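Comments concern the structure below.
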Protein chains: 2
Amino acid sequence: MTGVSEPALDPETRLHSDHPEALRLWLRIFTCARTVERSVDQLLKREFGSSLARFDVLAQLERAPEGLRMGELSERTLSTNGNATWLVAALGREGLVRRRAAPEDGRAVLVRLTAAGRRHFATMAKRHEAHIVSCFAGLSAGERRTVHSLLGTVKDHLTARRKQPPNDHARDDRTTA
Amino acid sequence: MTGVSEPALDPETRLHSDHPEALRLWLRIFTCARTVERSVDQLLKREFGSSLARFDVLAQLERAPEGLRMGELSERTLSTNGNATWLVAALGREGLVRRRAAPEDGRAVLVRLTAAGRRHFATMAKRHEAHIVSCFAGLSAGERRTVHSLLGTVKDHLTARRKQPPNDHARDDRTTA
DNA sequence: GGCAATTGCTTGAATCTTGAACTACATGAT
DNA sequence: ATCATGTAGTTCAAGATTCAAGCAATTGCC
């Protein structure tokens, strides 16, 4: 007997549908993100001989006029230390970025945009923005805010999770171990 | 007291915030996607000596018991032809996947999971699912459905866009050209 | 049939990314 | 002061990814 409740609220159904739902959501986020990423990357390559990774570094530096340490930079670009070194070296060779020792810590390095870097970024950013706008033109402004806000919750959850990785699925998934 | 209307609804603000809004949304999607991607990739590397890219290939093949052509495969994994060749070669060396000529087209190659591949995938998939569930545990089931559905719209828009790339920003951005 | 254009895939070079080992500086306890 | 420990970045090798060029089978057209 299932009673008067709606199918979706049936406890058994919930247990079964709860998990695949998260999977489906992830798959969709993944698809959208990768599609846009690739189109942006191709755009930046085609029109500026650059790339999404480079653009991302420049964007982070643009927002930090005082410069960023390498560690901060790699954290904000969500990449590794080694990769940040590599990218900054490349951008440095192209004159878009300058490195100097941090005043208060001999180990640290401060990276800043050069004037040329700022100019180059501004050009790319304009094109980039137009592209992004067209990618998300399928949603209304309100819908965009909704997704933005809900993914904000996800982001916070992920950030909290990283600080203290709660063993992933420790409590109710012993059958896997 | 500013009255009943919210600041965000002011017309001038709207005009200005319309574009940056898409940018902010993109930035957030990008952040969430990359964070989850990296954590999944590390998980699969750490526990199975595999990677997200390999997992993705196996997942697509699992869904296609008849096998997939290389082209189909690279399309579904959102990667390039060359990369698909590379990945399938690696998975083939590990015995998880088998290649054979397509019956009706001598140029095409059909890729399928081997029994070992299916087993290996099942193990990883279990772990993977638990991980994903925990990543998105910050949202309620309803919220997950909302995001899933809205991003469905985005996905459709992107798919339509690809078929006939509408020049991106042709109408109102001549100043850039 | 035969030949040009197309299609499906592979190859190779260049680029990018990662993870782990390493250097150099900083800090704190003794 | 000295040493153990920790922290900021770099380096290097291996892996992954892209793009363009190439090859072989197929299709369409005459």
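Phi angles across the stretch B:142-149 convert, under the Karplus curve 6.51 cos²θ - 1.76 cosθ + 1.60 with θ = phi - 60°, into 3J(HN,Hα) values of x, 5, 4, 5, 4, 4, 4, 5 Hz, Gly and Pro given as x. Computed from the Kirkwood radius of its Cα pairs, the Stokes-Einstein diffusion coefficient for the stretch B:59-140 at 10 °C and 1.306 mPa s stands at 115 µm²/s. Scaled against 2.2 N^0.38 Å for its residue count N, the alpha carbon radius of gyration of the stretch B:21-163 is 1.18. Restriction of the GluC sites (Glu not before Pro) in the stretch B:70-162 to DSSP coil positions whose beta-carbon has at most 16 other beta-carbons within 10 angstrom yields B:94, B:104.
Only protein heavy atoms count here; on that basis, with a 1.4 Å probe, residue A:68 has an accessible area of about 10 Å². When residue B:65 is represented by a point 7 angstrom out along its Cα-to-C-beta vector, the spacings to that point in the other copies are 6.4 nm, nearest first. Database remark: amide H of residue B:69 closer than 5 angstrom to the amide H of B:111 (H placed geometrically; neighbours at sequence offset of 5 or more, or on other chains; Pro and chain starts carry no H).
What fraction, in whole percent, of alpha-carbon pairs in the stretch A:65-108 exceed 17 Å separation? Beyond 17 Å sits 32 percent of the P(r) for the stretch A:65-108. For the residue pairs A:45/B:163; B:126/B:163; A:163/B:45; A:163/B:126, alpha carbon separations beyond 28 Å are given by B:126/B:163.
Here residue B:20 yields copy-to-copy label distances, from shortest upward, of 4.3 nm, the label point defined as 7 Å from Cα along Cα to C-beta. Give, as a single signed number, the net charge of other residues whose beta carbon lies under 10 Å from the beta carbon of residue B:60, with Lys and Arg counted +1 and Asp and Glu -1. Once all neighbours under 10 Å are counted, the net charge is -2.
Rounded to the nearest whole Hz, the Karplus-based 3J(HN,Hα) values (6.51 cos²θ - 1.76 cosθ + 1.60, θ = phi - 60°) of the stretch A:96-107 follow the sequence 8, 8, 10, 10, 8, 5, 6, x, 9, 9, x, 7, with x at glycine and proline. When the surface is traced with a 1.4 Å probe over the full set of protein chains, residue A:126 keeps roughly 120 Å² accessible. Between copies, residue B:49 shows label-point distances of 4.3 nm, shortest first, with the point placed 7 angstrom from Cα along Cα to C-beta. One quarter of the surface of the convex hull around the alpha-carbon atoms of the stretch B:21-90 equals 5.7 nm², the direction-averaged projected area.
The values are calculated or read from the model by the stated rules, or taken from the named source; none is laboratory data. Every value quoted in this text rests on a predicted model; they were computed, and no experiment measured them. Methodologically, a virtual Cβ is constructed for each residue, glycine included, from the backbone with ideal geometry; neighbour enumeration extends over all protein chains shown. Surface areas here come from the heavy atoms of the whole protein model, side chains and all, with no ligands, DNA or RNA. Shrake-Rupley method; radii C 1.70, N 1.55, O 1.52, S 1.80 Å.
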